[in-house]
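S.K.: Got a structure for you, questions after.
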Amino acid sequence: MAVSVTWWNRLSWTAVFLMFAVGGVAAAFWILPEIQLNQRLQRQKIEAAAEVDGLRQELAVYQFRVFQWEHNPAAVERLAREKLGYSKSGETVIFFKPPSPRVTDLSRTPPDPPASAR
């Protein structure tokens, strides 16, 4: 019993193949936005983790400062001297004024002298 391959047989197999191909392409377009969303969320997760690490380091610095202020009298004295201007009896505290800002805007030129002064 020999199987004869007819045009109808080839056409039906071609149609089945094309339907699977179209289904694969449709599935790819259906899944592609989900893949992009997943990538974007992964990037946000990595950025958030980096921010959390930075905040943890900052928290450790603040916890160390609080520990120093609670357990180290020299640190409290230094803070009072620097920030509040406290001094021990008999000491003289000298405050320096910050330097005045200089004009660095070169686009502003002095006005022209009057004609009589030329």
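S.K.: Filter region 26-37 for residues that are surrounded by 10 or more Cβ atoms within 10 Å (Cβ to Cβ) and not β-branched (Val, Ile, Thr); which is farthest from Ser87 (Cα to Cα)?
M.R.: Among those that are surrounded by 10 or more Cβ atoms within 10 Å (Cβ to Cβ) and not β-branched (Val, Ile, Thr), it is Ala26.
S.K.: Only one residue in Ser12, Ser100, Ser87 is small (Gly, Ala, Ser), outside any helix (DSSP H, G or I) and surrounded by 10 or more Cβ atoms within 10 Å (Cβ to Cβ), so which one is that?
M.R.: Details: Ser12 fails: outside any helix (DSSP H, G or I); Ser100 fails: surrounded by 10 or more Cβ atoms within 10 Å (Cβ to Cβ).
Result of the check over Ser12, Ser100, Ser87: Ser87.
Laboratory data are not the source of any read-out in this text; all were calculated from the coordinates shown. None of the values given here were measured: they were computed from a predicted structure. Neighbour counts run over all protein chains shown; Cβ positions are idealised from the backbone, glycine included.
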